[in-house]
1. Restricting to the range 144-183, name every residue that is surrounded by 15 or more Cβ atoms within 10 Å (Cβ to Cβ), assigned to a helix (DSSP H, G or I) and of a type in the set (S, T, N, Q).
2. Out of THR86, THR110, THR91, which single residue is on the phi < 0 side of the Ramachandran plot, in a loop (DSSP other than H, G, I, E, B), touching a residue at least 12 places away in the same chain (Cβ under 8 Å) and open to solvent by less than 50 Å² (accessible area, probe 1.4 Å)?
3. Tally time: how many residues in the range 21-60 are open to solvent by 20 Å² or more (accessible area, probe 1.4 Å), out of contact with any Leu (no Cβ under 8 Å at 6 or more places or on another chain), within 30 Å of ARG122 (Cβ to Cβ) and part of a loop (DSSP other than H, G, I, E, B)?
4. Do we have ALA204 as touching a strand residue (DSSP E or B) at 6+ places or on another chain (Cβ under 9 Å), more than 20 Å from GLY16 (Cα to Cα), part of a helix (DSSP H, G or I) and aliphatic (A, V, I, L, M) here?
5. Can you run down the residue pairs with Cβ atoms below 9 Å, 6 or more apart or on separate chains, where the first is in the range 140-161 and touching a residue at least 40 places away in the same chain (Cβ under 8 Å) and the partner is among the basic types (Lys, Arg) and open to solvent by less than 40 Å² (accessible area, probe 1.4 Å)?
6. If you take the residues of the range 126-143 that are buried (at least 20 other Cβ atoms within 10 Å of the Cβ) and touching a strand residue (DSSP E or B) at 6+ places or on another chain (Cβ under 8 Å), which of them is nearest to ASP21 (Cα to Cα)?
7. List every residue pair whose Cβ atoms sit under 6 Å apart, with the two residues 6 or more apart in sequence or on different chains, where the first one lies in the range 53-76 and is farther than 23 Å from ASN156 by Cα and the second, anywhere, is open to solvent by less than 50 Å² (accessible area, probe 1.4 Å) and among the small types (Gly, Ala, Ser).
Amino acid sequence: MVVVWRVTEQCNLACGFCGFDRTLNRVRVETSVESLRRFGAVLRDWSLASGESVLVSWIGGEPLGRDDLRAVSRHFREDLGLRVSTTTNGTTLGSAAVRSHLLDHYAELTVSVDGVGPLHDRLRGWRGGFENLSLSVPILAREAREREAPLRLRANVVLMRGNLEQFEDLCSILGDWGVVEITFNQLGGADRPEFFPEHRLREAEVDRLRVI
């Protein structure tokens, strides 16, 4: 069973298509550590009773921005026997301590990457972001191999009009970084309806995706 859990609405980037853009003036909530640990025990009990494994996947906002989530993830993995994953914008992956924590306790890591070079930087509001990822993600992949860690390194791409032509090249680059699985989703309009009309995929772009 996979449990996808939005544990924070805080984020340090400014993505124009995301409702958790740091520049938006909105109320932001986080799941308490007490609630996380309490429901983790429920999942442990279910896993033991059913004989099925459980993967708990943190999403946000930016989950790796929560320092207190490290102890929770360790507890889930070591004490409760649950598998843990997260989706991240990758801003913390330059930290050796963060990478070590991921290698010790996580089964999967999904890095959000939406374009090559300056396009990714503009979409994410992160100057130099793509270059940063091009250094930190391969380091993480190498460290996983060296430690024989079970971490599965994934990437997800939000497809829109402006990045579709780069998608094939981006997939090749991600493979070179050590990413073993790539997922993608079409830009939606619910979170940021002001961004959607200019960037949504039209029929012609969908046809182009079929060709790719």
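The values are calculated or read from the model by the stated rules, or taken from the named source; none is laboratory data. Computed from a prediction, not measured in an experiment: that's the story for all the values here. Heads up, the Cβs are rebuilt from the backbone with ideal geometry, glycines too, and the neighbour counts pull from every protein chain shown. For accessibility, only protein heavy atoms count, side chains too; no ligands or nucleic acids. Shrake-Rupley method; radii C 1.70, N 1.55, O 1.52, S 1.80 Å.
1. Within the range 144-183, just GLN166 meets the criteria.
2. The unique qualifying residue is THR91.
3. So the answer is 7.
4. no
5. So the pair list comes out as LEU140/ARG99; GLU143/ARG99; ALA144/ARG99.
6. Filtering first and then ranking leaves LEU133.
7. These pairs meet every condition: PHE76/GLY40.
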